[in-house]
Amino acid sequence: MSMTETADGDAFDADPGDEAAQRARGPQRLLMMLLGDYWFDRPEALPSAALVALLTEFGVSEVGARAALSRQARRGLLDVEKRGRRTYYRLSARSVGHFTDTGARIAGFGADDAARGWDGHWSLVAFSVPEQQRAVRHTLREQLRWLGYAPLYDGVWVSPHAREEEVRAVLTELGVITATLFTGTPCALSPAAGDPLSAWDLDAQAATFERFTKRWGVWRRRAEDGGVSPSEALRARTELITDWRVLMAHDPALPAQLLPPHWPLAAARAVFVAVYDALGPLAEFRVRQLIALHDTELAGLATHHTVADLARL
(Lines give C-alpha, C1' and ligand atoms only; values in the text may rest on other atoms or scores of the structure.)
Protein backbone atom coordinates (compact mmCIF):
# COMPACT_ATOMS: atom_id res chain seq x y z
CA MET A 1 0.00 0.00 0.00
CA SER A 2 1.25 3.46 -0.85
CA MET A 3 2.14 5.25 2.33
CA THR A 4 0.36 8.37 1.07
CA GLU A 5 -2.93 6.51 1.22
CA THR A 6 -5.19 5.83 4.12
CA ALA A 7 -6.15 2.38 5.19
CA ASP A 8 -9.10 2.41 2.81
CA GLY A 9 -7.04 3.22 -0.25
CA ASP A 10 -7.81 6.92 -0.65
CA ALA A 11 -5.02 9.42 -1.16
CA PHE A 12 -5.12 12.73 0.69
CA ASP A 13 -4.68 14.74 -2.49
CA ALA A 14 -6.69 17.78 -1.45
CA ASP A 15 -6.71 20.25 1.40
CA PRO A 16 -8.18 18.42 4.42
CA GLY A 17 -10.27 21.51 5.09
CA ASP A 18 -11.91 21.29 1.66
CA GLU A 19 -15.38 19.95 2.53
CA ALA A 20 -16.32 19.33 -1.10
CA ALA A 21 -13.25 17.14 -1.56
CA GLN A 22 -14.06 15.22 1.61
CA ARG A 23 -17.61 14.54 0.38
CA ALA A 24 -16.30 13.39 -3.00
CA ARG A 25 -14.07 10.81 -1.32
CA GLY A 26 -17.03 9.16 0.41
CA PRO A 27 -18.27 7.07 -2.55
CA GLN A 28 -14.68 6.12 -3.42
CA ARG A 29 -14.03 4.78 0.06
CA LEU A 30 -17.37 2.99 0.13
CA LEU A 31 -16.67 1.36 -3.24
CA MET A 32 -13.33 -0.02 -2.08
CA MET A 33 -14.80 -1.27 1.19
CA LEU A 34 -17.60 -3.14 -0.57
CA LEU A 35 -15.25 -4.76 -3.08
CA GLY A 36 -12.80 -5.68 -0.33
CA ASP A 37 -15.53 -7.17 1.82
CA TYR A 38 -17.51 -9.11 -0.80
CA TRP A 39 -15.31 -9.42 -3.92
CA PHE A 40 -11.82 -9.79 -2.47
CA ASP A 41 -9.15 -11.20 -4.82
CA ARG A 42 -11.65 -12.54 -7.36
CA PRO A 43 -10.30 -12.76 -10.93
CA GLU A 44 -13.71 -11.99 -12.41
CA ALA A 45 -14.60 -8.37 -13.13
CA LEU A 46 -18.01 -6.92 -12.25
CA PRO A 47 -20.07 -4.81 -14.66
CA SER A 48 -20.08 -1.13 -13.82
CA ALA A 49 -23.88 -1.19 -13.56
CA ALA A 50 -23.68 -3.74 -10.72
CA LEU A 51 -21.20 -1.61 -8.82
CA VAL A 52 -23.37 1.46 -9.35
CA ALA A 53 -26.29 -0.53 -7.91
CA LEU A 54 -24.22 -1.39 -4.83
CA LEU A 55 -23.35 2.26 -4.24
CA THR A 56 -26.88 3.54 -4.81
CA GLU A 57 -27.99 1.16 -2.04
CA PHE A 58 -26.13 3.59 0.26
CA GLY A 59 -27.72 6.71 -1.22
CA VAL A 60 -24.93 7.54 -3.68
CA SER A 61 -26.23 9.05 -6.92
CA GLU A 62 -25.56 7.24 -10.20
CA VAL A 63 -23.38 10.13 -11.32
CA GLY A 64 -21.40 9.98 -8.06
CA ALA A 65 -21.05 6.21 -8.32
CA ARG A 66 -19.68 6.34 -11.86
CA ALA A 67 -17.31 9.14 -10.89
CA ALA A 68 -15.99 6.99 -8.02
CA LEU A 69 -15.35 4.10 -10.40
CA SER A 70 -13.45 6.30 -12.83
CA ARG A 71 -11.43 7.97 -10.10
CA GLN A 72 -10.31 4.73 -8.48
CA ALA A 73 -9.44 3.23 -11.86
CA ARG A 74 -7.25 6.25 -12.67
CA ARG A 75 -5.48 5.76 -9.33
CA GLY A 76 -4.66 2.18 -10.21
CA LEU A 77 -6.89 0.80 -7.46
CA LEU A 78 -9.24 -0.88 -9.95
CA ASP A 79 -8.51 -2.84 -13.12
CA VAL A 80 -10.77 -2.02 -16.06
CA GLU A 81 -12.03 -4.22 -18.89
CA LYS A 82 -14.05 -3.15 -21.94
CA ARG A 83 -16.44 -5.68 -23.48
CA GLY A 84 -18.21 -4.03 -26.35
CA ARG A 85 -20.07 -1.08 -24.89
CA ARG A 86 -19.93 -2.39 -21.31
CA THR A 87 -17.22 -1.64 -18.74
CA TYR A 88 -16.13 -4.08 -16.03
CA TYR A 89 -14.03 -3.52 -12.88
CA ARG A 90 -12.18 -5.59 -10.29
CA LEU A 91 -9.68 -4.82 -7.55
CA SER A 92 -6.15 -4.29 -8.82
CA ALA A 93 -3.22 -6.28 -7.44
CA ARG A 94 -2.22 -3.15 -5.56
CA SER A 95 -5.61 -3.00 -3.83
CA VAL A 96 -5.57 -6.72 -3.04
CA GLY A 97 -2.20 -6.27 -1.34
CA HIS A 98 -3.56 -3.39 0.67
CA PHE A 99 -6.58 -5.40 1.86
CA THR A 100 -4.36 -8.33 2.79
CA ASP A 101 -2.35 -6.02 5.03
CA THR A 102 -5.26 -4.23 6.67
CA GLY A 103 -7.43 -7.35 7.07
CA ALA A 104 -5.00 -8.77 9.60
CA ARG A 105 -4.98 -5.47 11.51
CA ILE A 106 -8.77 -5.30 11.58
CA ALA A 107 -9.03 -8.89 12.81
CA GLY A 108 -6.25 -8.53 15.37
CA PHE A 109 -7.24 -5.20 16.87
CA GLY A 110 -8.01 -5.74 20.53
CA ALA A 111 -7.13 -9.43 20.43
CA ASP A 112 -3.46 -9.32 21.36
CA ASP A 113 -1.91 -8.52 24.71
CA ALA A 114 -0.29 -5.15 24.04
CA ALA A 115 2.03 -5.59 27.03
CA ARG A 116 3.76 -8.64 25.56
CA GLY A 117 7.45 -7.98 25.01
CA TRP A 118 7.39 -4.28 25.96
CA ASP A 119 10.70 -3.22 27.47
CA GLY A 120 9.67 0.19 28.80
CA HIS A 121 11.27 2.11 25.94
CA TRP A 122 9.46 4.67 23.79
CA SER A 123 9.91 5.35 20.09
CA LEU A 124 9.86 9.01 19.10
CA VAL A 125 9.81 10.84 15.77
CA ALA A 126 10.50 14.57 15.56
CA PHE A 127 9.69 16.28 12.28
CA SER A 128 9.12 19.65 10.67
CA VAL A 129 6.90 20.19 7.62
CA PRO A 130 6.54 23.71 6.11
CA GLU A 131 3.17 25.44 6.44
CA GLN A 132 2.72 25.49 2.66
CA GLN A 133 2.78 21.65 2.65
CA ARG A 134 -0.34 21.25 4.77
CA ALA A 135 -1.58 18.20 2.85
CA VAL A 136 1.75 16.41 3.43
CA ARG A 137 1.66 17.29 7.12
CA HIS A 138 -1.92 16.04 7.44
CA THR A 139 -1.09 12.76 5.68
CA LEU A 140 2.01 12.24 7.83
CA ARG A 141 -0.01 12.70 11.01
CA GLU A 142 -2.68 10.26 9.82
CA GLN A 143 -0.05 7.66 8.96
CA LEU A 144 1.68 8.08 12.32
CA ARG A 145 -1.65 7.58 14.09
CA TRP A 146 -2.23 4.43 12.04
CA LEU A 147 1.16 3.16 13.25
CA GLY A 148 0.24 3.83 16.89
CA TYR A 149 1.94 7.21 17.45
CA ALA A 150 0.44 10.27 19.15
CA PRO A 151 1.64 13.88 19.49
CA LEU A 152 3.64 14.55 22.63
CA TYR A 153 4.27 18.02 21.24
CA ASP A 154 3.26 19.46 17.86
CA GLY A 155 6.22 18.03 15.93
CA VAL A 156 7.21 15.25 18.32
CA TRP A 157 5.21 12.02 18.16
CA VAL A 158 5.63 9.07 20.48
CA SER A 159 4.74 5.37 20.58
CA PRO A 160 5.50 2.45 22.90
CA HIS A 161 6.14 0.33 19.80
CA ALA A 162 9.40 0.19 17.85
CA ARG A 163 8.27 0.88 14.28
CA GLU A 164 11.17 2.91 13.00
CA GLU A 165 11.38 1.15 9.64
CA GLU A 166 7.70 1.76 8.91
CA VAL A 167 8.05 5.40 9.94
CA ARG A 168 11.13 5.77 7.71
CA ALA A 169 9.13 4.41 4.78
CA VAL A 170 6.36 6.95 5.39
CA LEU A 171 8.81 9.86 5.70
CA THR A 172 10.67 8.80 2.57
CA GLU A 173 7.57 8.48 0.43
CA LEU A 174 6.20 11.81 1.61
CA GLY A 175 9.57 13.49 1.03
CA VAL A 176 9.92 14.65 4.65
CA ILE A 177 13.66 15.01 5.19
CA THR A 178 13.62 17.21 8.31
CA ALA A 179 12.97 14.40 10.77
CA THR A 180 14.73 12.46 13.52
CA LEU A 181 13.91 9.03 14.94
CA PHE A 182 15.10 7.80 18.30
CA THR A 183 14.22 5.29 21.01
CA GLY A 184 14.75 5.53 24.76
CA THR A 185 13.25 6.35 28.13
CA PRO A 186 11.98 9.90 28.78
CA CYS A 187 13.68 12.30 31.18
CA ALA A 188 11.36 15.27 31.78
CA LEU A 189 12.35 18.56 33.41
CA SER A 190 9.35 18.35 35.75
CA PRO A 191 6.94 15.57 36.79
CA ALA A 192 4.16 17.05 34.61
CA ALA A 193 6.24 17.76 31.51
CA GLY A 194 7.00 15.38 28.71
CA ASP A 195 5.21 12.31 30.09
CA PRO A 196 4.66 10.14 26.98
CA LEU A 197 1.34 8.92 28.34
CA SER A 198 0.02 12.50 28.20
CA ALA A 199 -0.02 12.21 24.40
CA TRP A 200 -3.24 10.20 24.73
CA ASP A 201 -6.53 11.24 26.31
CA LEU A 202 -7.30 7.88 27.89
CA ASP A 203 -10.62 9.00 29.39
CA ALA A 204 -11.87 10.11 25.99
CA GLN A 205 -10.60 6.91 24.37
CA ALA A 206 -12.35 4.75 26.95
CA ALA A 207 -15.57 6.67 26.40
CA THR A 208 -15.26 6.07 22.66
CA PHE A 209 -14.99 2.31 23.18
CA GLU A 210 -17.98 2.37 25.52
CA ARG A 211 -20.12 4.28 23.01
CA PHE A 212 -19.18 1.77 20.33
CA THR A 213 -20.16 -1.13 22.59
CA LYS A 214 -23.48 0.46 23.52
CA ARG A 215 -24.43 1.36 19.95
CA TRP A 216 -23.50 -1.92 18.30
CA GLY A 217 -24.67 -4.02 21.21
CA VAL A 218 -28.21 -3.13 20.07
CA TRP A 219 -27.42 -4.55 16.64
CA ARG A 220 -25.97 -7.65 18.24
CA ARG A 221 -29.28 -8.32 19.95
CA ARG A 222 -31.24 -7.56 16.78
CA ALA A 223 -29.08 -9.94 14.75
CA GLU A 224 -29.46 -12.67 17.35
CA ASP A 225 -33.25 -12.19 17.31
CA GLY A 226 -33.43 -12.34 13.51
CA GLY A 227 -34.77 -8.81 13.24
CA VAL A 228 -32.48 -7.49 10.49
CA SER A 229 -33.29 -7.40 6.77
CA PRO A 230 -30.61 -8.11 4.12
CA SER A 231 -30.57 -4.47 3.04
CA GLU A 232 -30.22 -3.29 6.65
CA ALA A 233 -27.48 -5.85 7.25
CA LEU A 234 -25.41 -4.64 4.30
CA ARG A 235 -25.62 -0.99 5.33
CA ALA A 236 -25.10 -1.66 9.03
CA ARG A 237 -22.16 -4.02 8.50
CA THR A 238 -20.42 -1.46 6.33
CA GLU A 239 -20.98 1.23 8.94
CA LEU A 240 -19.75 -1.15 11.65
CA ILE A 241 -16.43 -1.76 9.90
CA THR A 242 -16.07 1.98 9.33
CA ASP A 243 -16.57 2.69 13.03
CA TRP A 244 -14.17 -0.09 13.98
CA ARG A 245 -11.47 1.29 11.71
CA VAL A 246 -11.90 4.75 13.24
CA LEU A 247 -11.22 3.17 16.64
CA MET A 248 -8.18 1.42 15.20
CA ALA A 249 -6.79 4.59 13.65
CA HIS A 250 -6.88 6.47 16.95
CA ASP A 251 -5.97 3.74 19.43
CA PRO A 252 -2.26 3.43 20.34
CA ALA A 253 -2.42 -0.17 21.61
CA LEU A 254 -0.63 0.93 24.74
CA PRO A 255 0.98 -1.70 26.94
CA ALA A 256 -1.50 -2.99 29.49
CA GLN A 257 0.55 -1.73 32.43
CA LEU A 258 0.00 1.84 31.20
CA LEU A 259 -3.77 1.50 30.92
CA PRO A 260 -6.41 1.97 33.63
CA PRO A 261 -7.98 -1.22 35.02
CA HIS A 262 -10.94 -2.73 33.15
CA TRP A 263 -9.96 -1.10 29.86
CA PRO A 264 -13.10 -1.35 27.64
CA LEU A 265 -11.46 -2.44 24.37
CA ALA A 266 -12.11 -6.14 25.00
CA ALA A 267 -15.86 -5.54 25.36
CA ALA A 268 -15.90 -3.43 22.19
CA ARG A 269 -14.07 -6.14 20.28
CA ALA A 270 -16.49 -8.83 21.44
CA VAL A 271 -19.40 -6.81 20.07
CA PHE A 272 -17.57 -6.08 16.81
CA VAL A 273 -16.80 -9.75 16.16
CA ALA A 274 -20.34 -10.85 17.01
CA VAL A 275 -22.09 -8.26 14.84
CA TYR A 276 -19.68 -8.43 11.90
CA ASP A 277 -19.98 -12.21 11.71
CA ALA A 278 -23.73 -12.34 12.37
CA LEU A 279 -24.61 -9.80 9.67
CA GLY A 280 -22.26 -11.35 7.09
CA PRO A 281 -24.61 -13.91 5.48
CA LEU A 282 -27.49 -11.43 5.19
CA ALA A 283 -25.23 -8.73 3.78
CA GLU A 284 -23.81 -11.20 1.27
CA PHE A 285 -27.34 -12.13 0.21
CA ARG A 286 -28.14 -8.47 -0.47
CA VAL A 287 -24.92 -7.99 -2.45
CA ARG A 288 -25.85 -11.01 -4.58
CA GLN A 289 -29.33 -9.58 -5.15
CA LEU A 290 -27.92 -6.29 -6.40
CA ILE A 291 -25.32 -7.89 -8.67
CA ALA A 292 -27.95 -10.30 -10.04
CA LEU A 293 -29.86 -7.34 -11.45
CA HIS A 294 -27.06 -7.09 -14.00
CA ASP A 295 -25.33 -10.51 -14.06
CA THR A 296 -26.91 -13.54 -12.39
CA GLU A 297 -23.88 -15.77 -12.93
CA LEU A 298 -21.43 -13.42 -11.25
CA ALA A 299 -23.87 -12.75 -8.41
CA GLY A 300 -23.31 -16.23 -6.99
CA LEU A 301 -19.60 -15.55 -6.57
CA ALA A 302 -19.99 -12.77 -3.98
CA THR A 303 -18.88 -13.89 -0.51
CA HIS A 304 -18.51 -12.34 2.91
CA HIS A 305 -15.66 -12.58 5.40
CA THR A 306 -15.80 -13.48 9.07
CA VAL A 307 -13.27 -11.91 11.42
CA ALA A 308 -11.36 -15.21 11.39
CA ASP A 309 -11.27 -15.03 7.58
CA LEU A 310 -9.79 -11.54 7.74
CA ALA A 311 -7.00 -12.82 9.95
CA ARG A 312 -6.08 -15.37 7.28
CA LEU A 313 -6.06 -13.00 4.27
- Taking into account only those residues within the stretch 78-115 that are among the basic types (Lys, Arg) and within 24 Å of the chain's Cα centre (by Cα), which is modelled with the highest pLDDT? Arg90
- Check Ala233, Ala268, Ala278, Ala249 and return the single one that is within 19 Å of Trp39 (Cβ to Cβ) and among the small types (Gly, Ala, Ser). Ala233
- Residues in the stretch 160-174: is at least one of a type in the set (Gly, Ala, Ser) and in contact with a helix residue (DSSP H, G or I) (Cβ under 9 Å, 6 or more places away or on another chain)? no
- Task: Determine whether the stretch 198-215 contains at least one residue that is small (Gly, Ala, Ser) and not in a helix (DSSP H, G or I).
- Result: no
- Tell me, which strands (runs of 3 or more DSSP E) wholly within the stretch 66-137 include 3 or more residues that are touching a residue at least 40 places away in the same chain (Cβ under 8 Å) and surrounded by fewer than 16 Cβ atoms within 10 Å (Cβ to Cβ)? none
- Query: Across the stretch 1-52, what is the total count of residues that are more than 20 Å from Arg235 (Cβ to Cβ), among the hydrophobic types (A, V, I, L, M, F, W, C), at pLDDT below 95 and not in a strand (DSSP E or B)?
  - Reply: 8
- Kindly list the number of the only condition in (1) surrounded by fewer than 17 Cβ atoms within 10 Å (Cβ to Cβ); (2) in contact (Cβ under 8 Å) with a residue 12 or more places away in the chain; (3) within 17 Å of Ile106 (Cβ to Cβ) that fails for Ser231. (3)
- In the stretch 208-233, how many are of a type in the set (Lys, Arg) and under 16 Å from Asp277 (Cβ atoms)? 3
- Has the stretch 148-155 got any residue that is closer than 12 Å to Pro252 by Cβ, aromatic (Phe, Trp, Tyr) and in a helix (DSSP H, G or I)? no
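For the stretch 286-303, give me each residue that is assigned to a helix (DSSP H, G or I) and crowded, with 17+ Cβ neighbours inside 10 Å.
Pass one, the stretch 286-303, residues assigned to a helix (DSSP H, G or I): 286-292, 296-299.
Matches in the stretch 286-303: Arg286, Val287, Arg288, Leu290, Ile291, Leu298, Ala299.
From the list Leu197, Leu279, Leu254, which one is touching a residue at least 40 places away in the same chain (Cβ under 8 Å) and more than 22 Å from the chain's Cα centre (by Cα)? Spell out the reasoning first.
Numbers: Leu279 fails: more than 22 Å from the chain's Cα centre (by Cα); Leu254 fails: more than 22 Å from the chain's Cα centre (by Cα).
Being touching a residue at least 40 places away in the same chain (Cβ under 8 Å) and more than 22 Å from the chain's Cα centre (by Cα) holds for just one of Leu197, Leu279, Leu254, which is Leu197.
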- Message: With the structure loaded, tell me whether Pro252 is assigned to a loop (DSSP other than H, G, I, E, B) and surrounded by 15 or more Cβ atoms within 10 Å (Cβ to Cβ) or whether it fails that test.
- Response: yes
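The values are calculated or read from the model by the stated rules, or taken from the named source; none is laboratory data. All values reported here derive from a predicted model rather than from experimental measurement. Here Cβ is always computed from backbone atoms with ideal geometry, including for glycine, and neighbour counts include all displayed protein chains.
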